[in-house]
Every structure is written in structure tokens, then in C-alpha cells.
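Asker: Before I ask anything, let me first share the structure, which is written out below as C-alpha cells.
Bear in mind these aren't lab numbers, they're just calculated from the coordinates by the rules spelled out. Model, not experiment: these values are computed from the prediction. Please note: Cβ atoms are built from the backbone with ideal geometry, for glycine as well, and neighbour counts cover all protein chains shown.
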Amino acid sequence: MMKFATLLLLGLAAATAQAQGLTDADEIAERANAAAYYSGADGRSEVRMIISDAQGRQQRRQFTVLRRDVDELGDQQFLVVFSQPSDVRGTVFLVDKHVDRDDDRWLYLPGLDLVKRISAGDKRTSFVGSHYFYEDVSGRPHTDDSHELVETTDEYYVIRHQPLDPSSVEFASYVTWIDRATFLPMKIEYTNSAGQMYRSVEVFEVEDIDGIPTVTTSRVSDILTGGQTDMQFRFIRYDVGLPDDVFTERSLRAPPRDWLARPSD
């Protein structure tokens, strides 16, 4: 009888712990990073970008993103090819993402026929005139920050992050609301050294694609200026078999048209 009671108490304790969720902030941050950037071994999507200023004036961009994992939850490669409007058509962004050192980033500007190397110090600057940063495209490594679980709600893990190297970034800290079911980051708020919340990222729509919860609509807002950039992701596919040679400097001037073509199914 005592043994049964002990087992029952242990089972209730395990069930209670599961209902309460995770408590290790580092583990939660790692899972969120995996959910946001490592779905499938590779993937492609088309993106509509709408850039708005405080007066409501808009600029639009359209591009295709190709992504390949080099290592599981490790190094990755990204190729971003712009198709609209005419003044950015043919612009190409290439990233070799590394988990143990600074990423390698290149930008091809067709009007100048120029390949520009993007330095590590530029990774948190505007991505083609939008409110997204270069670093937002390929993701910020979770190992670059410390993590603290500040709250667990019915829906979210709320994590505060602080940079391990404050001199390398413009923010003092940021807070992420991570969906407990999918581990997708649903909202991020950045605070500067003055204690002001100056930038936010929000997810508005998530769809199930190939069995993977996937962000399809998001927005970055500049709180201080009133500007914002919306991104709409379409024609998303995972595990399409992207070859290594797609992600080479040759693709900057000669993008792989077969892999950029919209899926027929």
C-alpha cells in the first residue's frame, strides 16, 4: 500500500511538472531558436515586404528565400533573391551562418555589378531599407545572450535576454513571448540603454505547413519613429533537396532560377 501511494505521488508530481512546463530558460531559448530557424533540412519561401513610414507612405519588396542546414541545429546557408520592384530586382543576399564565429554575408548590387561584403558590425543595420535587420533574416544565435525565465503563462514562456557582448549590439535587453505549444517566438520587445522599448517584432499568423507550425505574417515596428515593416510568407516548402552549389558566390550574379521558380503543386 505504501509503495502504491509513493508511485501515485510520483506520478502526480510528474504530471504537475509537465502541466507547469519547462523552467530552464536556456533550454526554452534553444527550442525557440530551433522552431524559428531549423524547420526541415532545408526550405524555400516567397516573401512580400511592405515598408511603411510614420505618415503611412509605403514601399514594397518581393523576394525568395532559400535555406539549407549544413549541420543539425548548427551552421546554415541562406540565399535571398529580390524580384520586385524594378529598382531592387536582381539584388541578392548570401549568408553563411556560423554558430561558433561571425557569419559571412555578401550583398550583390546589380546596378553597380558590385559584390559587397557585409561586416559583422553591420549585421544589426537595416535590411534593404526595411525595419528588419540583416541579422533578422538568418537569426541571432541564442548562445550570444543570457536568458532568464521571468514568467510562464497559459500560452507563453516569457524570457528576458541580455547580450553577452553589449558593445556588439544597440539593445540593452529584449523580452520574448514564446508559444508553449510550438516554441515559436510570437512577440519580441527590445529595450535600449535608456530603458525605452524602441523596437518590437510581432507574429500575426501561423500556419501548419508539411506538419510544421510556420510563421506566415509578421511585423517589425520602430516605436520611436512610428515606422513598420510587414512580411508575408507564401509558397513555403520544406525538405526540397537544395544542393550545396546554390549557396556559393556564383549565385550572387547568377541566381539558381530552377530553385527560385514557384512550386507547381
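Asker: Taking only the alpha carbons of region 195-265, what extent do you get along each of the three principal axes, in Å, biggest first?
Answerer: If we take the Cα atoms of region 195-265, the spans are 45, 32, 19 Å.
Asker: Taking only pairs that are 8 or more places apart or on different chains, how many Lys pairs in the chain have Cα atoms under 24 angstrom apart? Before the final figure, lay out the partial values.
Answerer: On the way: K97/K116; K97/K123; K97/K187; K123/K187.
Taking the chain as the scope, the lysine pair count is 4.
Asker: Mean residue ellipticity at 222 nm from the helices of the chain, using -39,500 (n - 2.57) per DSSP H segment of n ≥ 4 over the full residue count, to the nearest 500 deg cm²/dmol? Walk me through the intermediate numbers first.
Answerer: Details: 5 runs with 45 residues, N = 265.
Calculated from helices alone, the mean residue ellipticity at 222 nm is -5000 deg cm²/dmol.
Asker: Relative to the longest principal axis of the chain, what angle (0 to 90°, nearest 10) does the C-alpha long axis of helix 2-20 take?
Answerer: 30
Asker: I need F63, F133 ordered by Cβ neighbour count within 10 Å, fewest first.
Answerer: F133, F63
Asker: Rank Q196, G21, T225 by how far each Cα sits towards the positive end of the charge dipole of the chain (+1 on Lys, Arg Cβ; -1 on Asp, Glu Cβ) and give me just the farthest.
Answerer: Farthest towards the positive end: T225.
Asker: OK, next. Evaluate the charge dipole of region 24-257 about its Cα centre and quote only its size in Debye, nearest 20, assuming +1 on the Cβ of each Lys and Arg and -1 on the Cβ of each Asp and Glu.
Answerer: In debye, rounded to 20, region 24-257 gives about 1300.
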